[in-house]
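Encoded as structure tokens, the structure appears first; notes follow it.
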Amino acid sequence: MGEFTYRAAKVGDAGAILTVKQVAISAIDSDEYTARQLDAWRPDDELVEEFGRAIESNRFEILLVESGPATAGYGVLNTAENRIDAVFVHPEYHGEGIGSSLVRQFESRARITGLSELQIVSSLNAKEFYETLGYRDIDRKVREINGVDLKFAVMRKLFDSS
């Protein structure tokens, strides 16, 4: 396993975050989504400014994972909505524990904030990953992205009150 550093994302990281999301979606090899759905879901380069605004807003906790100078992944915690909004890992780093570590760090932050649960709107191909971390599949949600409907799993984990 490689050496990884985790840190809060900065506005200047928007391009690297966008690239990780693009590459991760492009690498999905699953019968859950068609090529047309993946094309619609994969963000365009023009969204880099929108990603930068999201980082700058401080509305989200965005963690960046680096392996040396390379961006290995990122995650987004939305405590106002009791939700993890994103966990994306560059395909070169799959299986290195980055996704699990991001989720666990967000769970710790959520508990510190006093949340009793977290939800994740997960891609269908990532559902089993979240189940291994204790999340339960509770519903389905359809999102229209660039005029194309994509189905996602709504996952929830309740935290012990002790």
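The values are calculated or read from the model by the stated rules, or taken from the named source; none is laboratory data. Everything numeric in this text was worked out from a predicted model, so none of it was measured. All Cβ positions, glycine included, derive from the backbone under ideal geometry; neighbour counts span all protein chains shown. Quick note on the areas: whole protein, heavy atoms, side chains included, nothing else; ligands and nucleic acids left out. Shrake-Rupley method; radii C 1.70, N 1.55, O 1.52, S 1.80 Å.
7 Å from Cα along Cα→Cβ at both Asn125 and Arg104: what's the point-to-point distance in nm?
2.5 nm
7 Å from Cα along Cα→Cβ at both Arg140 and Val154: what's the point-to-point distance in nm?
1.4 nm
Can you give me the Cα centroid spacing of segment 1-68 and segment 89-134 in angstrom?
Taking the Cα centre of each part, segment 1-68 and segment 89-134 sit 15 Å apart.
Within the accessible area of segment 29-162, what % is carbon and sulfur when the probe is 1.4 Å and the other protein chains stay in place?
41 percent
Please give the FRET efficiency for Asp31 paired with Glu56, using the beta carbon to beta carbon distance and R0 = 45 Å, rounded to the nearest 0.05.
FRET efficiency, Asp31 to Glu56: 0.75.
Please give the per residue accessible area of the chain, computed with a probe of 1.4 Å over protein heavy atoms only, in Å².
55 Å²
Mind checking which lysines have their Cα closer than 27 Å to the Cα of Lys157? Skip sequence neighbours fewer than 8 apart in that chain.
Reachable lysines: Lys21, Lys127, Lys141.
Which value at 222 nm does the chain reach when only helices count, each DSSP H run of 4 or more adding -39,500 (n - 2.57), with the total divided by all residues and rounded to the nearest 500 deg cm²/dmol?
That comes out to -9500 deg cm²/dmol.
Using the Cβ atoms and a cut-off under 13 Å, what net charge is assigned to the surroundings of Val89, where Lys and Arg are +1 and Asp and Glu are -1?
Result for the neighbourhood of Val89: -2.
Please report the net charge: other residues with Cβ closer than 13 Å to the Cβ of Ser30, K and R +1, D and E -1.
-2
Residue by residue, what Karplus-based ³J(HN,Hα) values in Hz, rounded to whole numbers, does segment 44-51 have, using 6.51, -1.76 and 1.60 with θ = phi - 60° and x for Gly and Pro?
7, 4, 5, 7, 4, 5, 5, 4
Which shape class applies to segment 1-73: rounded if a/c is under 1.5, otherwise prolate when a/b exceeds b/c and oblate if not, where a ≥ b ≥ c are the square roots of the Cα gyration tensor eigenvalues?
oblate
Would you work out the charge dipole size for the chain about its Cα centre, treating the Cβ of every Lys and Arg as +1 and the Cβ of every Asp and Glu as -1, and quote it to the nearest 20 debye?
520 debye
May I ask you to list the trypsin sites (Lys or Arg not before Pro) in segment 13-109 that are in a DSSP loop and have at most 16 other Cβ atoms within 10 Å of their Cβ?
Arg59
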